[in-house]
1. Looking at V398, V353, V417 in this structure, which one is among the aliphatic types (A, V, I, L, M), touching a Pro at 6+ places or on another chain (Cβ under 7 Å) and over 18 Å from A282 (Cα atoms)?
2. May I ask you to say which residue of G274, G290 is touching a residue at least 12 places away in the same chain (Cβ under 8 Å), in contact with a Lys or Arg (Cβ under 9 Å, 6 or more places away or on another chain) and crowded, with 22+ Cβ neighbours inside 10 Å?
3. Condition (residue is touching an Asp or Glu at 6+ places or on another chain (Cβ under 6 Å), without any contact (Cβ under 8 Å) to a residue 24 or more places away in the chain and of a type outside the set (A, V, I, L, M)) applied to the range 339-353: is it met by at least one residue?
4. Here are some residues: V155, V138, V131, V192. Which one is part of a strand (DSSP E or B) and under 23 Å from A433 (Cα atoms)?
5. Can you find, within the range 232-242, the residue that is modelled with the lowest pLDDT among those that are outside any strand (DSSP E or B) and touching an Asp or Glu at 6+ places or on another chain (Cβ under 9 Å)?
6. Return the only residue of A32, A28 being closer than 26 Å to A179 by Cα and either modelled with pLDDT of 95 or more or touching an Asp or Glu at 6+ places or on another chain (Cβ under 6 Å) (or both).
7. I need the full set of residues from the range 76-99 which are in a helix (DSSP H, G or I) and either of a type in the set (G, A, S) or more than 13 Å from C43 (Cα to Cα) (or both), in order please.
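The values are calculated or read from the model by the stated rules, or taken from the named source; none is laboratory data. Computed from a predicted model, the values in this text were never measured in an experiment. Every residue, glycine as well, gets a Cβ built from its backbone with ideal geometry; the counts of neighbours run over all protein chains shown.
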Amino acid sequence: MTLKPRLDAAAAAANMAEIEPAYSDQQAKVEADRCLYCFDAPCIMACPTGIDIPGFIKKIANGNNTGAGRTILSANILGASCARVCPTSVLCEGACVLLDRDQKPIKIGRLQRYATDHVYRKGVNGLNPSVPPSGKKVALIGGGPSSLGCAAELVRLGHEAVIFEKKPEAGGLNTYGIAYYKMPPQVSLEEVALVKSLGVEFRCGVEVGKDIAMDEILKEFDAVFVGIGLGHTHMLGVPGEELPEVVEALAFIEEFHTRPLHEVEVGRHVVVIGCGNTAIDAVTQAKRLGADTATIIYRRDEGDMPAYAYEYDIAKTDGCDFIFRAAPVKILGDGAVSGIRLVRTRPNGKGGVGPQPGTEFDVPCDMVIKALGQQKQGELLESLFPGIKLAANGKIDVDETTRQTSVDRVYAGGDAVNGGREVVNAVAEGKKAARGIHQALSGEAVEGPVQPTRIGVTGKPMGSGFNNPVRVPELERAYASGQKGS
């Protein structure tokens, strides 16, 4: 193989440092003081987990950083990672009323990071359940964000929760699939430890269906939550795809989380196929790890790419190149990648694009990264739960309110249901499922958001994004592409 490490330890660490440093105490105070503390805050409506955003920001302004952190984590147990990876510009910050005044929105994400970092440094307390145990046990398949959100909610409601995760560590894509410069894996592992401190049991290195039968789980547990995420990246389907320097984007990103940065191998000239957020993560990290050139190939126009605008800006700032309206025909090389043959594309009149014959051209490269979106895991799901109802696109069909599947006592959430959205969406779906499970096990419904309800100027409880999600066109385009990334 032609791949090898390109940088020494110091250079790799410097290049992969977080793109937005943490606020100092003074910076956080100044930013918090800009908030108008809206009673009918649209930022809460825009947050899928319904965090009391004005409430926690007010606490920061008053010097109560511990209270701010508790407010966040009581609504979103993964508030520390969401502070770093959420597309805040099109969610909470995009809904900030200051935008209507032609002012910059409050930096909600950075303030959320400031507060959650504080409580992790000082030690998180006050989140443990205070309700009597119900004697009911729930198994959660997969240890990603949706299962963590569901498990945390379940133990708060008095139930036992046991997470089965086939990898050595829980956390899902937060632990293994987030660009390092956005969030190092330690943040995710601290969140896993927090969920464990609530009383959740983790059985890592255990693959359901292989190491333990689903029938055995269904006998031992009163309910099951499925949070298995998505599968492997879609294939290119072109000659040369079997060459060793052709890798999946998530596998490439996972190396940053399982090996020292300076030992991660990368090509000198890297090509990434796809233009979602995962593709941006891959091309940017390749460039930051010493690739001379890092180029994205996308079959549509710049305006059609599913990646968020701020992700695109990061890649361009890092010196990454983009070739639009081109698709791969063949990966070139005799035993090792030496280039990629592309063909120009054009609209086919059916909503898609097709090749323009006679427009083929070659781009030299020694590494190809596939970022074409992940496959659904329908075959696995049907083997675990015979007869489970899947939508036409392979996603699990669930009741929108309770998240129950067509199989008795089985609930689901996260990417396996929504096809690939954000961490915050996965946590919200896990919370919904926990409430659905609680109602089925106890006969009692959980009303409203779990965090303390704020009272608006009308004297009525405010809605929250958890119960009343808003529609964000930019997000919907990314989700529809299957390339939501991280």
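1. Working: V398 fails: touching a Pro at 6+ places or on another chain (Cβ under 7 Å); V417 fails: touching a Pro at 6+ places or on another chain (Cβ under 7 Å).
Just one listed residue meets the conditions, V353.
2. Numbers: G290 fails: crowded, with 22+ Cβ neighbours inside 10 Å.
Only one candidate passes the filter, namely G274.
3. Looking only at the range 339-353, we keep the residues that are touching an Asp or Glu at 6+ places or on another chain (Cβ under 6 Å), and these are 339, 341, 343.
Filter once more, keeping what is without any contact (Cβ under 8 Å) to a residue 24 or more places away in the chain: 341, 343.
Applying the additional criterion that residues be of a type outside the set (A, V, I, L, M) yields 341.
Yes: the range 339-353 contains one or more residues that are touching an Asp or Glu at 6+ places or on another chain (Cβ under 6 Å), without any contact (Cβ under 8 Å) to a residue 24 or more places away in the chain and of a type outside the set (A, V, I, L, M).
4. Numbers: V155 fails: part of a strand (DSSP E or B); V131 fails: part of a strand (DSSP E or B); V192 fails: part of a strand (DSSP E or B).
Checking each option against the conditions leaves just V138.
5. Restricting attention to the range 232-242, the residues satisfying the condition of being outside any strand (DSSP E or B) are 232, 234-242.
Applying the additional criterion that residues be touching an Asp or Glu at 6+ places or on another chain (Cβ under 9 Å) yields 232, 235.
On the way: H232: 87, M235: 92.
Step by step, filter the range 232-242, then rank; the result is H232.
6. The conditions single out A28.
7. Of all residues in the range 76-99, those in a helix (DSSP H, G or I) come to 79-85, 88-90, 93-95, 97-99.
Listed by number, the residues that qualify are G79, A80, S81, C82, A83, R84, V85, S89, G94, A95.
Listed here are the residues, each with its yes/no results for (1) touching a residue at least 12 places away in the same chain (Cβ under 8 Å); (2) outside any strand (DSSP E or B); (3) surrounded by fewer than 21 Cβ atoms within 10 Å (Cβ to Cβ); (4) in the same structural domain as F225 (by TED's automatic domain parsing).
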site	(1), (2), (3), (4)
E311	yes, yes, no, no
G319	yes, yes, yes, no
V329	yes, no, yes, no
G335	yes, yes, yes, no
V363	yes, no, yes, no
